[in-house]
Amino acid sequence: MRIWVDADACPNVIKTILFRAAERVNIPCILVANQAISIPPSKWIERRVVSSGFDVADNYIVEQVENLDLVVTADIPLASEVIAKGALAINPRGELYSKENIKQRLAMRDFMEQMRSSGIQSDGPSTFSQQDRMAFANTLDKLLTQRIKTE
């Protein structure tokens, strides 16, 4: 199992949680972005810088991800693609994407995109909170614990 991070928009506090988790359970954590991202020195943490462009980082993750890997992303289409490949996906707020909920999330995303393109204003996502950070840490811990038990 590897942890792939759609790192361009991932909050720094979430990256810090991921770095600690990678060290704690000795699992590779790979941050993918179209710019150099600061990472601590560790044999478990690495970065992959891809060229800039629409969905370049997402496409790289989809190409590299394997069954049972974990992808951290707020990008719902990316989450859908990695789930189809048998990987797990969670967003930085700790919500686990699944085969059961991803179609609904894609539909809602497309609906909101249609609303915005027609000129209707929306508030966008709420501010990232301490509760979001804790929810992410708890979900990550649960997923990593399940992984360790199955090995």
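The values are calculated or read from the model by the stated rules, or taken from the named source; none is laboratory data. Only a predicted model underlies this, so the values are computations on that prediction, with no experimental measurement involved. Cβ sites come from the backbone with ideal geometry, for glycine too, and all protein chains shown count toward neighbours. Remember, those area values only see protein heavy atoms, side chains included, never the ligands or the DNA or RNA. Shrake-Rupley method; radii C 1.70, N 1.55, O 1.52, S 1.80 Å.
Evaluate the following for residue 98: is it open to solvent by less than 80 Å² (accessible area, probe 1.4 Å), modelled with pLDDT of 70 or more and out of contact with any Gly (no Cβ under 6 Å at 6 or more places or on another chain)? Yes, satisfied. Could you please let me know if residue 11 is in contact with a Phe, Trp or Tyr (Cβ under 8 Å, 6 or more places away or on another chain), surrounded by fewer than 18 Cβ atoms within 10 Å (Cβ to Cβ), modelled with pLDDT of 90 or more and on the phi < 0 side of the Ramachandran plot? Yes: the conditions hold for residue 11. For the range 128-141, the criterion of being modelled with pLDDT of 95 or more, among the hydroxyl-bearing types (Ser, Thr, Tyr) and within 21 Å of residue 6 (Cα to Cα) is satisfied by at least one residue. Can residue 55 be described as of a type in the set (Asp, Glu), touching a residue at least 60 places away in the same chain (Cβ under 8 Å) and farther than 21 Å from residue 129 by Cβ? So residue 55 fails the test.
Conditions first: (1) surrounded by 13 or more Cβ atoms within 10 Å (Cβ to Cβ); (2) at pLDDT below 90. Residue 115 passes all but one, so which condition is the exception? It fails just one condition, (1). Considering the range 28-99, the qualifying strands (runs of 3 or more DSSP E), each wholly inside and each with 2 or more residues that are over 12 Å from the mean Cα position of the chain (by Cα), run over 45-49. Screening residue 110 with (1) more than 14 Å from the chain's Cα centre (by Cα); (2) modelled with pLDDT of 90 or more gives one miss only, at (2).
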